[in-house]
Amino acid sequence: MARSREIARTAAEGATDVLHPLITVTRGLRRLAAAGRAKWSATPKERRGPALFLAAACAVVVALLPYGPLLALISLMGTAAWHGRERTVVRTGPDEAESERLKALYEALVPHFSVPEDPAPLFTHGGEWGKALSDFAFDGDGRPVRLRIAYPAYFPDGEAASRARVERLLQAKSGRGREYLFDWDEEGNQLLMRVLPALPTSIAAQRFVTAPGETVLGFTDDDAVQRTMPVWEGDERRDAPPVVWRTGPRSTEPHLLIVGQPGSGTTSLLRSIALQALEHGDILIVDGSGTGEYACLTGRCGVLGVECGPAGALTSLEWAAHETERRLIAANRARQAGRPVPSDTKRPLWILMDRPGALGHLAAADGRGDPQELLQVPLRHGRAAHVTVVVAEQFDGADALTEAVRTHTRARVVLGPATRDEAEAVLGRAPHTTPTPSVPPGRGYARLGTGPVFRLQVPATPDPYDDAASDAHRQAVLGLLPEHSTAAGAPEMHRIAGRRHETTG
């Protein structure tokens, strides 16, 4: 029986293939006949006689022409084949489920976009949603991924609170767990809502194509910046839009503050910055967490020290303050004498400080001062002395940051899940998208000075000694580490300090 069914199915498919032209012509003749009947029914009775006479005259002329009947038959078959072809149905509007969803969105927006005094309101209960909602698109689950909303001119779109209420409503009605971009056109009284794709997390630490003084904080959306750079994403090479932070004497944002939740990737970002800074300068690391996340940098060329305790941190930061002053004095004396600035004052020096709040608590318990107080000189005068300070702290310890750190760190990064108010408190401006409650490590926002807020994904830069991390990412970090130096970090600082006394003497 199964064999018979298979034979019958094969025969039917073969017959369909062979008879496909005949089926197409038959379907076309049927459609032409239906169109002819509809045309004849629509013709007034007083015009049917002349129409029949004209048709008969045309038939006689065709019959008298050489090869006329054959050409007429070929034309009829060609026309029937054209009208009988299979056409792809293009949907021009929403289906029933999508229409119900758009209607629900329209009804939910009525209290926000209508007032009793409006004589012809655009939003009314039971009104036509097609007049206000357009340019819509849905995903496979029937949730809107794009929607344009026309709202009345009297809506206070210049008030952040009014806009935030509408954005929260649209996010709740369109589906939570996704990141939405709301583009308000205040001149045209239109709001465009879009669902943003997730930023890629597969870009690992590598040698980025940057100039001296440029540091890649991470990567953002394609339309957010005007620059791209080639990067390796796994085994493929492609162009990605970076968020580039510029430091040095000409920078308007010479220092950086990173704030995030535990496990959000703040340490990975510090490690990424350290690997990039070692290409052209020296770094000093103060690890307040004391978890050994920077052990891979200990004793490397260009690493002046990795301090984890209060005593070592205070000593190192005191040296950094004196080194900043030495550079300023040496550069000033060289300019007054008409000589070039000494080269040792132009080599970038990076001070990377992780969890200063925890370190300050340990120092206070030991009867010592807060190490953050020693950052005042590098923060105030670091730009002219080629000294850059990067501070990373968690949200629960952000209150312990000193006024000098808050004032002079004009470049800001927020990582991990954060509410809109938390992100605005750090960045100085609310993000242009809706933060999601669950994000991968290294995901957040960045703002450089008074510029726009960018979405950010930090390059994967794990601890190479962490067995839980990806082996490919750990090998990428190990390949970027400089060689081990013959001298430790403390002797290196003493050597530079001795050179400082020689210069100032």
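When 320, 295, 358 are screened for being surrounded by fewer than 15 Cβ atoms within 10 Å (Cβ to Cβ), touching a residue at least 40 places away in the same chain (Cβ under 8 Å) and under 25 Å from residue 413 (Cβ atoms), only 295 passes.
Within the stretch 173-225, being among the acidic types (Asp, Glu) and open to solvent by 50 Å² or more (accessible area, probe 1.4 Å) holds for 183, 185, 186, 187, 222, 223.
Kindly provide the set of residues from the stretch 240-254 that are open to solvent by 20 Å² or more (accessible area, probe 1.4 Å) and in a loop (DSSP other than H, G, I, E, B), ordered by number. Listed by number, the residues that qualify are 247, 249, 250, 252, 253. Pairs linking a residue in the stretch 234-249 that is over 16 Å from residue 449 (Cβ atoms) to a residue that is of a type in the set (Ser, Thr, Tyr), with Cβ atoms under 8 Å and 6 or more positions apart or on different chains, are 234/202; 239/228; 240/228; 241/220; 241/228; 242/220; 242/228.
Within the stretch 246-270, being on the phi < 0 side of the Ramachandran plot and either β-branched (Val, Ile, Thr) or out of contact with any strand residue (DSSP E or B) (no Cβ under 9 Å at 6 or more places or on another chain) (or both) holds for 247, 249, 250, 252, 258, 259, 266, 267.
Comparison of 80, 34 shows that the only residue that is without any contact (Cβ under 8 Å) to a residue 12 or more places away in the chain and surrounded by 10 or more Cβ atoms within 10 Å (Cβ to Cβ) is 34.
Looking only at the stretch 232-239, decide whether some residue is modelled with pLDDT under 90 and open to solvent by 40 Å² or more (accessible area, probe 1.4 Å). The answer is yes; a qualifying residue exists.
Among the residues of the stretch 112-142 satisfying the criterion of being aliphatic (A, V, I, L, M) and in a loop (DSSP other than H, G, I, E, B), which is surrounded by the fewest Cβ atoms within 10 Å (Cβ to Cβ)? Taking the candidates together, the pick is 120.
I'm checking my understanding of the structure. Among residues of the stretch 428-448 that are open to solvent by less than 10 Å² (accessible area, probe 1.4 Å) and out of contact with any helix residue (DSSP H, G or I) (no Cβ under 7 Å at 6 or more places or on another chain), which one is nearest to residue 168 (Cα to Cα)? The residue in question is 433. Can you say whether residue 421 is assigned to a loop (DSSP other than H, G, I, E, B) and open to solvent by 10 Å² or more (accessible area, probe 1.4 Å), as far as the supplied structure shows? For residue 421, the condition - assigned to a loop (DSSP other than H, G, I, E, B) and open to solvent by 10 Å² or more (accessible area, probe 1.4 Å) - is not met.
Does the stretch 83-102 include one or more residues that are more than 30 Å from residue 157 (Cβ to Cβ) and surrounded by 15 or more Cβ atoms within 10 Å (Cβ to Cβ)? Checked the stretch 83-102: at least one residue is more than 30 Å from residue 157 (Cβ to Cβ) and surrounded by 15 or more Cβ atoms within 10 Å (Cβ to Cβ).
Residues in the stretch 403-416 that are surrounded by fewer than 19 Cβ atoms within 10 Å (Cβ to Cβ) and in a loop (DSSP other than H, G, I, E, B): 410 only. If only residues of the stretch 156-190 that are in a loop (DSSP other than H, G, I, E, B) and touching a helix residue (DSSP H, G or I) at 6+ places or on another chain (Cβ under 7 Å) are counted, the one that is farthest from residue 134 (Cα to Cα) is 156.
If we scan the stretch 263-276, do we find a residue that is farther than 19 Å from residue 218 by Cβ, surrounded by fewer than 21 Cβ atoms within 10 Å (Cβ to Cβ) and within 30 Å of the chain's Cα centre (by Cα)? No. The selection criterion, being modelled with pLDDT of 95 or more, not in a helix (DSSP H, G or I) and not charged (D, E, K, R), does not hold for residue 209.
The values are calculated or read from the model by the stated rules, or taken from the named source; none is laboratory data. Quick caveat, the model's predicted, so the values are computed rather than measured. Cβ coordinates were reconstructed from backbone atoms using ideal geometry, including for glycine residues, and neighbour counts include every protein chain displayed. Heavy atoms of the whole protein, side chains included, go into the accessibility calculation; ligands, DNA and RNA do not. Shrake-Rupley method; radii C 1.70, N 1.55, O 1.52, S 1.80 Å.
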